1. Since residue 133 meets every condition but one in (1) buried (at least 22 other Cβ atoms within 10 Å of the Cβ); (2) in a helix (DSSP H, G or I), which condition does it not meet?
2. Across segment 149-203, what is the number of residues that are in contact with a helix residue (DSSP H, G or I) (Cβ under 9 Å, 6 or more places away or on another chain), part of a helix (DSSP H, G or I) and polar (S, T, N, Q)?
3. Looking at segment 258-292, which of its residues are over 25 Å from residue 125 (Cβ atoms) and outside any loop (DSSP other than H, G, I, E, B)?
4. Anything in segment 115-125 that is farther than 30 Å from residue 359 by Cβ and assigned to a loop (DSSP other than H, G, I, E, B)? List them, or say none.
5. Just need a number here: residues in segment 355-379 that are outside any helix (DSSP H, G or I) and modelled with pLDDT of 85 or more.
6. Would you be able to tell me the number of residues in segment 103-116 that are closer than 19 Å to residue 150 by Cα and out of contact with any Lys or Arg (no Cβ under 8 Å at 6 or more places or on another chain)?
7. Taking segment 294-337 as the search range and keeping residues that are over 21 Å from residue 60 (Cβ atoms) and touching a Pro at 6+ places or on another chain (Cβ under 9 Å), which one is surrounded by the most Cβ atoms within 10 Å (Cβ to Cβ)?
8. Here is a check on your reading of the model: is residue 35 within 18 Å of the chain's Cα centre (by Cα) and crowded, with 21+ Cβ neighbours inside 10 Å?
Amino acid sequence: MKVILFVVDALGVGAFDDVSIKRPADNNANTVKSLSYYYNFTNHSFWEKVNLFGGCQKCGYDYEGADSYLGHLEMIGVAAGKKDFNVMSYAQKIKKVFEKYDIEDKGTYFNFDEGKLFISNNTEGEAGLSINILGDMSRIYDKELEDIGKDLQKMICPPRVIVGKALNFSENDIIDSIVSIENENDVLSGFSFAWLRKNANGFLDTFSYSNLTDDSYYGNSIIDELLVNNINVSLIGKTSTMFNKYNVEKFYGNTDECMNLLSKKLSNSNGENEFFFVNIQDIDSAGHAENPLLGAKRLYSIGEELKEINNLLNNEDLLIIVGDHGNDPALHSNHTREYVPLICLNSLDKELKRIKKLSDLPKFIKNKFNLHLMANSTN
């Protein structure tokens, strides 16, 4: 049996009821609706057939906000909270640990060696969750950049460090991209990858990033139980960078590369029980760039590729399609707090109706593999 949990990153289907109070900027958010204005999906497309635009089942999530990492943690059965930290409060430690660099504390970010790399809070997801690092590819090697990220993680212990690299950006771009958000006890500021991707000329063409995550932060999960029960697990796309502790097959690449690998693995399957956890980022990237036309075209293409994936499955196999939050390009360049679609092929409707939130997915998946429920899948 094969179960595919396929996350279309940032595919939202309408704002949470609480956004008027908790996130007023997300009022009327509906990523799917916005994308549908820019492309004709009615011509027998995959998404029309699975009723994405006509009222498919919606799924919520437990955490307050709109963050990819927290959403994925819920999908594997981990109840995660934020950590209350501000990277700028660690100035003395950072200057001591990285003493070989000339470090300037600019109040909202650190500048290493006059633009070799920059460090700040991440304010595109949830405050107190992640740290940004951005290196100039012309001046720093990947290994040095990753080592800085690992040292920073050991020092501050954030759940996630986002290590980015690119060309064609300046300190003025960093300054212009600064975004501030309120945390429980502080106002956090940091440079915005989304702003840089949209506004720094040539940045998007060279930008890439990886995630360094705190293994102890997410404890035991459905993945642990699947592995204990000898079920093969593959992490494809962004999921491969989120869960570092697992010694499983991982692959990170662009959408076409990820879909080709998934197709190949399904075609060559020998009948063993397998779980594929996939994340495709195209809709999120288009949302950050506030480019609904690009997002609409990519959504159509992803649907056609999913149609081919579904054709490779047997009757007992399962393809579950969800989002992790929204990113409505018609509103702004950041994530939007939206319900996400729940589309499950080869499953009975009565089983799907039990899934109200992303945190319900682990139980559903484990039942499909006939596994006993874990007594405690949270920290």
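1. All conditions are met except number (2).
2. Going through segment 149-203 one residue at a time, the tally reaches 1.
3. 259, 260, 261, 262, 263, 264, 265, 266, 267, 274, 275
4. Within segment 115-125, 115, 116 qualify.
5. Looking only at that region, the number is 5.
6. The total comes to 4.
7. Looking at residues that are over 21 Å from residue 60 (Cβ atoms) and touching a Pro at 6+ places or on another chain (Cβ under 9 Å), I get 295.
8. no
The values are calculated or read from the model by the stated rules, or taken from the named source; none is laboratory data. Given the structure is predicted, the values throughout are model-derived calculations rather than measurements. FYI the Cβ positions are ideal-geometry reconstructions off the backbone, even for glycines, and counts take in every protein chain you see.
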